[in-house]
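Let me begin by presenting the structure, written as structure tokens, before commenting on it.
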Amino acid sequence: MSPSDVHIVELDVRPHLSKKLEPFQLIMDTVKGLQYEDVFVLHAPFKPTPLLGILKMKGYSSTSERKGSDHWVTTFVHKKIKPVPKHYLQWFYLDRKSILSPV
């Protein structure tokens with residue numbers, strides 16, 4: 001799988017949670033719209049541990065990385081596709097200020 005084959009779907013639920021809104025349905029609606037070859041990147045203020053188990057039952061593997069005191073990035077890839085090498089995902093990672101290049 002090359003970087004051009006990767007379709008990243010990002011969702012940042014931090015604004016919802018800061019307004020005391022429950023993002024679970026938004027997350028599940030986003031997951032429902034994913035294709036098997038899509039990579040789902042979730043931004044949250046904490047590691048979404050319960051969600052990891054729910055999406056694992058739906059066929060997704062995940063990795064989580066803490067980016068700051070209130071910023072976790074969790075990446076979900078469906079198990080039906082070959083794993084996406086981490087260096088490919090770094091090409092697509094967007095933060096609010098810039099596009100990060102590979103390390």
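The values are calculated or read from the model by the stated rules, or taken from the named source; none is laboratory data. For clarity, every value in this text was computed on a predicted model and none was experimentally measured. FYI the Cβ positions are ideal-geometry reconstructions off the backbone, even for glycines, and counts take in every protein chain you see.
Name the one entry in 19, 58, 47 that is more than 13 Å from the chain's Cα centre (by Cα) and in contact (Cβ under 8 Å) with a residue 12 or more places away in the chain. Explain how you work it out, then say what you get.
Details: 19 fails: in contact (Cβ under 8 Å) with a residue 12 or more places away in the chain; 47 fails: more than 13 Å from the chain's Cα centre (by Cα).
Being more than 13 Å from the chain's Cα centre (by Cα) and in contact (Cβ under 8 Å) with a residue 12 or more places away in the chain holds for just one of 19, 58, 47, which is 58.
So how many residues does region 57-103 have that are modelled with pLDDT of 60 or more and more than 21 Å from residue 7 (Cβ to Cβ)?
8
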